[in-house]
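Peer 1: One structure, pasted below without further comment.
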Amino acid sequence: MSVVVRPAGVCEAPWLAALAERTFRETYSAYNTPDDMERYVSDHFGAARQEAELRDPRRVTLVAEVGGRAAGYAQLGQGDAPACVTGPAPMEVVRFYVDRLWHGRGVAQTMMAAAVEAARTAGARTLWLGVWERNPRAIAFYRKCGFGDVGTQIFVLGADHQRDRVLARPLD
Ligand SMILES: CC(C)(COP(=O)(O)OP(=O)(O)OC[C@H]1O[C@@H](n2cnc3c(N)ncnc32)[C@H](O)[C@@H]1OP(=O)(O)O)[C@@H](O)C(=O)NCCC(=O)NCCS
């Protein structure tokens, strides 16, 4: 199985937005109310917003493909980090989603290796992310990738205030 990870182009916003919404729903619908999910999805996904994110010079969006078909995507962003992230030159893994079909098959590792390289290229020296405390598979995966706990933060999903664990790893 050969996994290719490449930067996404601006013209790919419509299908990337659909992939982002679908994988978000697949991951969280079972654990959240329909109202909270709809509020979050309508505020955060969609082709126009995706296009703006692809044009944002502080963001990097990567697509993982297997056999030429999308198997996941990752988005990195430069900007403010929470105070618990104390490492130099931080960059956030804003989104990291692999299509369910490809879980446990190495796509996520290849995509993380590409994300680490992209972050280094962007000048980052610390990679950090927030992950829901009730997402044990993702937490186990990030630990395998060298991330460790540095704190917590609140993530607002609709009307629900959830606790995210904040994980970070050095890039040096
Ligand atoms: C998070 C994600 C990218 C990880 O990719 P993956 O291919 O599933 O990762 P892996 O299978 O290599 O690693 C997951 C680890 O968690 C373990 N695991 C699986 N279910 C688990 C559970 N319920 N509790 C604890 N660990 C669990 C696996 O056994 C594996 O560890 P191992 O390799 O030591 O056996 C992928 O699952 C995904 O896209 N999930 C949905 C989206 C998501 O949650 N994104 C993160 C948002 S912050």
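Peer 1: What about A74, is it in contact with a Phe, Trp or Tyr (Cβ under 9 Å, 6 or more places away or on another chain), modelled with pLDDT of 95 or more, under 13 Å from A8 (Cβ atoms) and within 15 Å of the ligand (Cβ to nearest atom)?
Peer 2: Working: in contact with a Phe, Trp or Tyr (Cβ under 9 Å, 6 or more places away or on another chain): yes; modelled with pLDDT of 95 or more: yes; under 13 Å from A8 (Cβ atoms): yes; within 15 Å of the ligand (Cβ to nearest atom): yes.
Judged against the criteria, A74 is a match.
Peer 1: Go over the candidates G67, G46 one by one and state the one that is open to solvent by 50 Å² or more (accessible area, probe 1.4 Å) and either over 15 Å from the mean Cα position of the chain (by Cα) or in contact (Cβ under 8 Å) with a residue 24 or more places away in the chain (or both).
Peer 2: So the residue among G67, G46 that is open to solvent by 50 Å² or more (accessible area, probe 1.4 Å) and either over 15 Å from the mean Cα position of the chain (by Cα) or in contact (Cβ under 8 Å) with a residue 24 or more places away in the chain (or both) is G67.
Peer 1: Can you tell me which residues in segment 87-133 are among the charged types (D, E, K, R) and more than 10 Å from the ligand (Cβ to nearest atom)?
Peer 2: Taking segment 87-133 as the starting set, the residues that turn out to be among the charged types (D, E, K, R) are 92, 95, 99-100, 105, 117, 120, 125, 133.
E92, E117, R120, R125, E133 - these are the residues of segment 87-133 that are among the charged types (D, E, K, R) and more than 10 Å from the ligand (Cβ to nearest atom).
Peer 1: Right, something else. Report yes if A89 is under 19 Å from D149 (Cα atoms) and surrounded by 14 or more Cβ atoms within 10 Å (Cβ to Cβ), otherwise no.
Peer 2: When the stated conditions are applied, A89 passes them.
Peer 1: Of the numbered conditions (1) among the hydrophobic types (A, V, I, L, M, F, W, C); (2) over 19 Å from E133 (Cα atoms); (3) surrounded by fewer than 20 Cβ atoms within 10 Å (Cβ to Cβ); (4) away from the ligand (no atom under 16 Å from the Cβ), C84 fails exactly one; give the number of that condition.
Peer 2: (2)
Peer 1: Could you run through segment 136-158 and say how many residues are more than 10 Å from the ligand (Cβ to nearest atom) and among the hydroxyl-bearing types (S, T, Y)?
Peer 2: Summing the residues that are more than 10 Å from the ligand (Cβ to nearest atom) and among the hydroxyl-bearing types (S, T, Y) in segment 136-158 gives 1.
Peer 1: Would you confirm whether or not segment 133-146 contains a residue that is under 16 Å from G77 (Cα atoms) and either open to solvent by less than 40 Å² (accessible area, probe 1.4 Å) or modelled with pLDDT under 95 (or both)?
Peer 2: Checked segment 133-146: no residue is under 16 Å from G77 (Cα atoms) and either open to solvent by less than 40 Å² (accessible area, probe 1.4 Å) or modelled with pLDDT under 95 (or both).
The values are calculated or read from the model by the stated rules, or taken from the named source; none is laboratory data. These numbers were taken from a predicted model, which means no experiment stands behind them. No Cβ is skipped: glycine too gets one built from the backbone with ideal geometry, and neighbour counts run over all protein chains shown. SASA here: full protein model, heavy atoms, side chains in, ligands and nucleic acids out. Shrake-Rupley method; radii C 1.70, N 1.55, O 1.52, S 1.80 Å.
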